[in-house]
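A.B. asks: I'd like to ask you about the structure that follows.
The values are calculated or read from the model by the stated rules, or taken from the named source; none is laboratory data. Source: prediction; values computed, not measured. Ideal geometry is used to build each Cβ from the backbone, glycine not excepted, and the neighbour counts take in all protein chains shown.
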Amino acid sequence: MILSSDYLIEMEFTIVSLRHFSSATLVKKLAGLAAAVVLLVSCSSAPPKSLVTPLHPVSLHPLQPPSAQGKEPVRGVWLATISRLDWPPVSSINAGSAAVRINQQQKTLTDKLDKLKSLGINTVFFQVKPDGTALWASKILPWSDMMTGKIGQDPGYDPLQFMLSEAHQRGMKVHAWFNPYRVSVNTKPSTVAELNATLSLQPASVFVLHRDWIRTAGDRFVLDPGIPQARDWITSIVAEVVAHYPVDGVQFDDYFYAESPGSSLNDSATFQKYGHGFVSKADWRRHNTQQLIEQVSRTIKQIKPNVEFGVSPAGVWRNLSHDPAGSQTQGAAAYDEAYADTRSWVQQGLLDYIAPQLYWPFARQAARYDVLAKWWADVVKPTQTRLYIGIALYKVGEPSKNEPDWMINGGVPELKKQLDLNESLPQINGTILFRENYVNQPQTQQAVSYIRSRWGS
């Protein structure tokens, strides 16, 4: 994802960090970002009075020692529900009845789990909060429209509980994957109307309950990370899942400050209100992200110490050209672009694991896979944080001028080199494939057969 110029390199890194799109959509997004300024949707009317009791700040407790590492390495896959990319099937939304829809959704999921099990996958990172909605019976978030086509409509079963029951029956672990700040995938008038229509629901969308927390960034409605109450609210959502479901772990993806060139987050007023003591807005933003990670980490350990907490950030922390501790790379860095000091979280023991997205081949000089894998291995080496590497199944078999290795012999040689390296470094405790639906695509079948021969039973 690194192009020849530094500017295009950074553009591509930014896009790839938005990991919830197909390859074709990524190309379209890249073209869109390079285009003209995008108009932002604004609302001048006064927000409705909150219908929920204000949250109390979560008290901080010392972290428990990390749970003992299992002998088996993580062989994982991300299963995305945003825009129904991996599940549920789009066709199920138009099913003739609720019973038909439920049966289709459940059978599709169990079929997926059976196939993943045959490939040797032992951990599913299941997206339970794709935006400002939930795939579980939440008292804080409305039901996700991903299940029924309508925000707040009860799907007739609990998708998270169903996933947990079925995966655990197959000996597979499930990590609840959250997008912390995203409220919507766009800012269209129709989306605004759908969100406003939840006002009569219990619970309603945060979009109407706390309109003052909402901003636009990356052409989406998002929560402002600089507002302490918003961070408390996110923490309460994680706490709800950990307290009521037997999840094996919790994972945040890399949407902390997810801006785009034409749609940046306007948090100037928030900085003025809460940024006292910070000369730099960038430092203040990193502090906000740090506060969230620390708060969520300690809250999870307070509720269930054995539930793992991890983050899947962009593959580059910082470039060596900007920081002597950085990697020998040239691209957009989580520290500078997402305002996430991911290396520090590892060093401070706030994470049980970190899963950087290393979505480039060995031959991509601006971000070599082996360079970054070894850099992250060195970061975790003196710590108790486990390292899982996210690899780019979505690129396998896709024509690429800049990364032709993905096309050679169905991408198998490149995939083999990456897995060989992961298994040769003792600091790397697992591999995660991005993402589940690419297991089923025609262009990946040689690679999938290789994974089955290597990992499968």
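A.B. asks: Only one of (1) free of Cβ contacts under 8 Å to residues at least 24 places away in the same chain; (2) within 22 Å of residue 311 (Cβ to Cβ) fails for residue 424. Which number is that?
C.D. replies: Only one criterion in (1) free of Cβ contacts under 8 Å to residues at least 24 places away in the same chain; (2) within 22 Å of residue 311 (Cβ to Cβ) is unmet by residue 424, namely (2).
A.B. asks: Among 420, 378, 405, which is of a type in the set (D, E, K, R) and in contact with a helix residue (DSSP H, G or I) (Cβ under 9 Å, 6 or more places away or on another chain)?
C.D. replies: Only one candidate passes the filter, namely 405.
A.B. asks: Within segment 277-302, can you find the residues that are outside any helix (DSSP H, G or I) and either touching a helix residue (DSSP H, G or I) at 6+ places or on another chain (Cβ under 9 Å) or at pLDDT 95 or above (or both)? Walk me through it before giving the result.
C.D. replies: Looking only at segment 277-302, we keep the residues that are outside any helix (DSSP H, G or I), and these are 277-280.
Across segment 277-302, the qualifying residues are 277, 278, 280.
A.B. asks: Would segment 306-320 turn up any residue that is among the charged types (D, E, K, R), in contact (Cβ under 8 Å) with a residue 60 or more places away in the chain and outside any loop (DSSP other than H, G, I, E, B)?
C.D. replies: Yes, some residue in segment 306-320 is among the charged types (D, E, K, R), in contact (Cβ under 8 Å) with a residue 60 or more places away in the chain and outside any loop (DSSP other than H, G, I, E, B).
A.B. asks: Of all residues in segment 171-188, how many are surrounded by 15 or more Cβ atoms within 10 Å (Cβ to Cβ) and among the basic types (Lys, Arg)?
C.D. replies: 2
Conditions (1) in contact with a strand residue (DSSP E or B) (Cβ under 9 Å, 6 or more places away or on another chain); (2) at pLDDT 95 or above; (3) β-branched (Val, Ile, Thr); (4) within 22 Å of residue 128 (Cα to Cα), marked per residue:
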| residue | (1), (2), (3), (4) |
| --- | --- |
| 220 | yes, yes, no, yes |
| 244 | no, yes, no, yes |
| 248 | yes, yes, no, yes |
| 255 | yes, no, no, yes |
| 262 | no, no, no, no |
| 271 | no, yes, no, no |
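A.B. asks: Enumerate the pairs (first residue in segment 280-295 and free of Cβ contacts under 8 Å to residues at least 24 places away in the same chain; second residue anywhere and surrounded by fewer than 16 Cβ atoms within 10 Å (Cβ to Cβ) and not in a helix (DSSP H, G or I)) with beta-carbon separation below 7 Å, excluding pairs fewer than 6 apart on the same chain, so at least 6 apart or on different chains.
C.D. replies: Listed by first residue and then by second, the contacts come to 287/278.
A.B. asks: Using the structure shown, decide if residue 234 is in a helix (DSSP H, G or I), under 16 Å from residue 311 (Cβ atoms), among the aliphatic types (A, V, I, L, M) and touching a helix residue (DSSP H, G or I) at 6+ places or on another chain (Cβ under 6 Å).
C.D. replies: Numbers: in a helix (DSSP H, G or I): yes; under 16 Å from residue 311 (Cβ atoms): yes; among the aliphatic types (A, V, I, L, M): yes; touching a helix residue (DSSP H, G or I) at 6+ places or on another chain (Cβ under 6 Å): no.
No.
A.B. asks: Given the criteria of a type in the set (S, T, N, Q) and touching a Lys or Arg at 6+ places or on another chain (Cβ under 9 Å), does residue 446 qualify? Let's see the steps before the verdict.
C.D. replies: On the way: of a type in the set (S, T, N, Q): yes; touching a Lys or Arg at 6+ places or on another chain (Cβ under 9 Å): no.
No, not satisfied.
A.B. asks: A further question on this structure: Enumerate the pairs (first residue in segment 106-121 and under 13 Å from residue 174 (Cα atoms); second residue anywhere and outside any helix (DSSP H, G or I) and of a type in the set (Val, Ile, Thr)) with beta-carbon separation below 9 Å, excluding pairs fewer than 6 apart on the same chain, so at least 6 apart or on different chains.
C.D. replies: Between residues of segment 106-121 that are under 13 Å from residue 174 (Cα atoms) and residues that are outside any helix (DSSP H, G or I) and of a type in the set (Val, Ile, Thr), the close pairs are 113/121; 113/124; 116/77; 116/124; 121/77.
A.B. asks: Give 151, 140 a once-over and let me know the one that is surrounded by 24 or more Cβ atoms within 10 Å (Cβ to Cβ) and part of a loop (DSSP other than H, G, I, E, B).
C.D. replies: 151
A.B. asks: Tell me, which residue of segment 362-372 that is of a type in the set (A, V, I, L, M, F, W, C) and within 21 Å of the chain's Cα centre (by Cα) is surrounded by the most Cβ atoms within 10 Å (Cβ to Cβ)?
C.D. replies: It comes out as 367.
A.B. asks: Of all residues in segment 391-432, which are of a type in the set (D, E, K, R) and either within 13 Å of residue 447 (Cα to Cα) or within 21 Å of the chain's Cα centre (by Cα) (or both)?
C.D. replies: Answer for segment 391-432, where residues must be of a type in the set (D, E, K, R) and either within 13 Å of residue 447 (Cα to Cα) or within 21 Å of the chain's Cα centre (by Cα) (or both): 395, 398, 405, 414, 416, 417.
A.B. asks: Please go through segment 415-450 and give me each residue that is closer than 18 Å to residue 87 by Cα and either modelled with pLDDT under 95 or in a strand (DSSP E or B) (or both), ordered by number.
C.D. replies: Within segment 415-450, 432, 433 qualify.
A.B. asks: Based on this model, can you work out whether residue 180 counts as at pLDDT 95 or above and touching a Phe, Trp or Tyr at 6+ places or on another chain (Cβ under 7 Å)? Break it down stepwise before answering.
C.D. replies: On the way: at pLDDT 95 or above: yes; touching a Phe, Trp or Tyr at 6+ places or on another chain (Cβ under 7 Å): yes.
Criteria met by residue 180.
A.B. asks: Of the conditions (1) surrounded by 16 or more Cβ atoms within 10 Å (Cβ to Cβ); (2) over 15 Å from residue 227 (Cα atoms), residue 264 clears all except one; give me its number.
C.D. replies: (1)
A.B. asks: Report, ordered by the first and then the second residue, all pairs with beta carbons closer than 7 Å, sequence separation of six or more or different chains, a first member in segment 366-382 that is farther than 17 Å from residue 419 by Cα, and a second member that is in a helix (DSSP H, G or I).
C.D. replies: Short answer, once both residue conditions are applied: 366/9; 379/343; 379/346; 380/346.
A.B. asks: Right, another one. Across segment 331-361, which residue is nearest to the chain's Cα centre (by Cα) among those that are part of a loop (DSSP other than H, G, I, E, B) and under 18 Å from residue 283 (Cα atoms)?
C.D. replies: Result: 340.
A.B. asks: For residue 285, only one of the following conditions fails: (1) closer than 30 Å to residue 306 by Cβ; (2) out of contact with any Leu (no Cβ under 8 Å at 6 or more places or on another chain); (3) crowded, with 19+ Cβ neighbours inside 10 Å; (4) not aromatic (Phe, Trp, Tyr). What is its number?
C.D. replies: Result: residue 285 passes all but (1).
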